[in-house]
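Here is the structure we will look at, set down as structure tokens.
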Amino acid sequence: SGCVFSLNFVWDKLQDENQTLQQQVAQLTAQLALLQAHAAPPPPPHQKCPVAVPNKFSGQPEMFLAFMGQCQLFMAMRPEDFPTDRVKVGFVISLLTGQAAKWATPLLVQDSPLLDNFQGFLQQMNIMFENPIKSQIVDRKLKNITQGKRPLQEYVAEFRLLCMDSNWNEPAHMAAFQEGLSDAIKDELVHAECASTLDSLITQCLRIEARLQQRGYKRTVAEPSVFSRARIPPMRVYQSKTSAEEPMEIGALRPRLTVQERSRRFQEGLCLYCGGLGHFVNSCTRKGTRGPVPETSAGPSGNGVDSDPSRHLLLDTHIFLQSRKEGIPAVALVDSGATTSFMDYAIVKHFKVPLVSVTPPMQVETVDGRELKSGPIRFATQPLRMRIGDHEEAISFYVTSNLHLPLVLGVSWLRLHDPLVAWAQNAVSFPSLQCVDHLRHVSTGQHVVASAVSIPSELSDFSDVFSEQEADQLPPHRVYDCPVDLIPGAPLPKGRLYSLSEPELVALREFLDKNLARGFIRPSSSPLSAPVLFVKKKSGELRLCCDYRRLNSITVRNSYPLPLISELMERLREATIFTKLDLRGAYNLVRMRQGDEWKTAFGTRYGHFEYTVMPFGLTNNRRADALSRKPEYTCAEDPLPLRTVLPPESLAVLQEPVDLRAQLREAQHLDAWTQQRRGDVGSNSPWSFEDDLLRHRGLIYVPTRPLRALIMTQCHDNPAAGHFGFHKTLHLITRTFWWPRVRHDVSSYVASCV
């Protein structure tokens, strides 16, 4: 019985311990479940953002912003890979090729501080590769963009992209957008409520187009004509030789076929070019060749015109270089579709024509608005001597490639000479007075002198001062060009046309024809427009005036102080001889500041135009005119009164001061070219040494530009007697001095005289 009791006791104890253990296991299981429920989930495995590596950059300005945007996006999405600025700079440099890589290589070789400054590195790249005239290009594209035949959505998309890079305010964007719309949408907008924002205007136009499509309207746009709205690009050249279109030559305007006419000719087997039967466009004899034009002799008129009838105006020219005795024969195309004159690179390379760099490079466009494939123009020729029949002149050409002919004479050449073209005889003549000095007369060796104005013999050296043609030339841009600074955010004014009488309409037509030929006005696509009216002069003639009152109300006033009449009279207190000069077209002597011409736009029944010279009626034109007449010797800093000015005879070049001779000796001593000429001195050589000065045919050689400028200033700028003309200045200089192209330098100096 004792053993049974012991076993029962042990059994009961084991059951108690087992029950206790089960309770502990249940408690631990509950606690474990509670802990697992509150425990944070394990972090997911790290995955890098799938961003593509940016494309390599070779230095094209148009791709710079896109490249930097891709690089910054890549680094922002993967920050752990770019902990320092040096890593970021190294990553960008690793993506550079071509010219961009050549620019960055010295930074690595020299261990530049820019490698540790990412923002500074970006600024240097921005200076180097971003297009410096991007804003001007965008502004021009905004002025020229049109909807054409494409859907409105495409036009809106392109316009918004341009607005992103433009500095214009919203009213200007709205005006430009509305100007480029198709005629059908413009007609509907007349009856719609005026939009207050660009977004509302776009929405309004989209609704109008949708409505037109619902009504079954088929968009048609007339082809541009000679009198269509002018586009003013920085420069226009021609497409490559593979293009199917031809540039716009004088008298070569050819209307394009309509869709119906083109389909009819195709179905009937007719030539798509001339409409004839029995041949196709690729073998059409009336189409004209696109290959190289053979050299032709001058026509019977002797004016260098191609005698073969053509729809191109071709001139036989000769280009003379200093390194060649004979002239280079070259066929020149006279093209009113080119804004300036060009020379093909093949001519430059073959004859080694001397060049000068164009800084900054000039952006170039083809006639259809596309940028030239060869890139911007970086070189121009030095002034060359060109001969056309009996006409001879100094001219510079911009150098480009893929021209159809060796030379192209553009609008700038046409405006300068205003030649007369006789299409029936294929002859040209140069009647303007400025061309008379370039006529060659072999029998006498003298220049023809225009006698349109009777000038006393005592004033024959100043005949250019009395020339009406000289006053009709477009002046160059200067520091005192007339500006028009608008109040930021002000709405652009657009006035309605004033009614004009029949005599006023005749006077308006004469004014437009005359000033368009001079270049004082040009066709405009400006969103501004001022009305015109006429005021009768004392002589009974009519003077055209533009009503710029609304423009003046939003123009920032120029507060430059004008001199007091009493102070001006005080300067003349001891003067005894007075001269009154009535400047011919004084306001036409001052240009509008470049880029502000569109603000002077005025509207007429004959078209929309803008001034390139200062018009009458602007709020700041009096100050601009006064500043243009402010010579250096009337400045307040000049202590010399009028009575101390030396007489003209004391400025004669034969009596040059001793210090000028000393400067010439020092300049010649330091000039390497002068030292080389010492070996050319001889009995049969034009070079000689006298008084330790190198002379050319007895005239002192001036080696440096500063000394040349000093001599031209002394011989031309005479406060007491007025500024001499070209012939007088050249005569004074060439009595004692000589340097290459002295005639050209004097002509440029006199032309730029303020």
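Bear in mind these aren't lab numbers, they're just calculated from the coordinates by the rules spelled out. Fair warning: this is a prediction, and the values are worked out from it, not measured in the lab. No Cβ is skipped: glycine too gets one built from the backbone with ideal geometry, and neighbour counts run over all protein chains shown.
3J(HN,Hα) couplings calculated from phi for region 584-589 with the Karplus curve 6.51 cos²θ - 1.76 cosθ + 1.60 (θ = phi - 60°) are, in sequence order, 7, x, 4, 5, 6, 7 Hz; Gly and Pro show x.
I'd like to compare 519-527, 22-30: which one has the highest average count of other Cβ atoms within 10 Å, and what's the full order after that?
519-527, 22-30
For a Förster distance of 30 Å, can you work out the FRET efficiency between the beta-carbons of Leu206 and Arg415, rounded to the nearest 0.05? Present the calculation step by step, with values, prior to reporting the outcome.
Numbers: r = 43 Å, r/R0 = 1.43.
Efficiency at R0 = 30 Å is approximately 0.10.
Calculated on C-alpha atoms, the gyration radius of region 134-220 divided by its Kirkwood radius gives an Rg/Rh of 0.97. Projecting the Cα positions of Asn169, Ile145, Ala195 onto the charge dipole of region 134-220 (unit charges on Cβ atoms of Lys, Arg, Asp and Glu, taken about the Cα centre) puts Ile145 furthest along the positive direction.
Put one equal scatterer on each alpha carbon of region 378-425, apply the Debye formula with no solvent term, and list log10 I(q)/I(0) at q = 0.15, 0.28, 0.32 1/Å to two decimals. Listed by q, the Debye log ratios stand at -0.51, -1.31, -1.35.
Using only side-chain charges placed at the Cβ, +1 for Lys and Arg and -1 for Asp and Glu, the dipole size of region 658-752 relative to its Cα centre rounds to 280 debye. Histogrammed with a bin width of 10 Å, the alpha carbon distances of region 658-752 distribute as 15, 46, 29, 8, 1 percent, first bin at zero. In the calculated pair distance distribution of region 61-130, what percentage of Cα-Cα distances lie above 15 Å? Beyond 15 Å sits 51 percent of the P(r) for region 61-130.
Here region 659-711 is treated as a Stokes sphere of Kirkwood radius computed over C-alpha pairs; at 10 °C and 1.306 mPa s its diffusion coefficient rounds to 141 µm²/s. Put simply, the amide H of Phe379, placed in the peptide plane, has neighbours under 5 Å in Val358, Val399, leaving out anything fewer than 5 places away on its chain.
Within a 10 angstrom radius of the beta carbon, how do Leu414, Leu7 rank from fewest other beta carbons to most? It would help to have the intermediate numbers written out before the result.
Working: Leu414 18, Leu7 9.
If I rank by nearby Cβ atoms, fewest first, I get Leu7, Leu414.
Please report how far the C-alpha centroid of region 106-125 lies from that of region 690-707, rounded to the nearest whole angstrom. Computed from Cα coordinates, the inter-centre distance equals 48 Å. Taking amide H as placed 1.01 Å from N in the peptide plane, Leu355 has its amide H under 5 Å from the amide H of Gln382, each at least 5 places away in sequence or on another chain. Take 674-680, 341-347 and order them by the average number of nearby Cβ atoms within 10 Å per residue, most first; the result is 341-347, 674-680.
What ranking do His318, His350 get, fewest neighbouring Cβ atoms within 10 angstrom at the top? Mind showing how you got there, number by number?
Working: His318 16, His350 11.
Listed from fewest to most nearby Cβ atoms, that is His350, His318.
Under a 5 Å amide H cut-off, with hydrogens placed 1.01 Å from N, Ile328 pairs with Ile319, Phe320, Leu321 among residues at least 5 apart or on other chains. Distance from the Cα centre of region 330-394 to that of region 183-209, in angstrom? A separation of 44 Å, based on Cα centres. Across region 495-503, computed HN-Hα scalar couplings (Karplus, 6.51 cos²θ - 1.76 cosθ + 1.60, θ = phi - 60°) run x, 7, 6, 8, 6, 10, 7, 4, x Hz from first to last residue, x flagging Gly and Pro.
Taking 0.36 nm per residue of separation and subtracting the current Cα-Cα distance, fully stretching the chain between Asp81 and Ser559 would add 166.4 nm. By the beta-carbon count within 10 Å of each Cβ, the least crowded to most crowded order of Met164, Met77, fewest first, is Met164, Met77.
With θ taken as phi - 60° and the Karplus curve 6.51 cos²θ - 1.76 cosθ + 1.60 applied, the whole-hertz 3J(HN,Hα) list for region 530-544 is 10, x, 10, 8, 10, 10, 7, 7, 5, 6, x, 6, 9, 9, 7 Hz, x standing for glycine and proline. Over the Cα atoms of region 503-542, the radius of gyration divided by the Kirkwood radius equals 1.02; this is the Rg/Rh ratio.
Annotation: for a label point projected 7 angstrom from Cα along Cα→Cβ of Lys494, residues of region 530-549 with backbone N closer than 19 Å are 530-532, 547-549. Per the Cα gyration tensor, region 314-439 maps to an equivalent ellipsoid with semi-axes of 24, 19, 13 Å, ordered largest to smallest. Taking the inverse of the mean reciprocal distance over all distinct Cα pairs, the Kirkwood hydrodynamic radius of region 475-626 comes to 17.1 Å.
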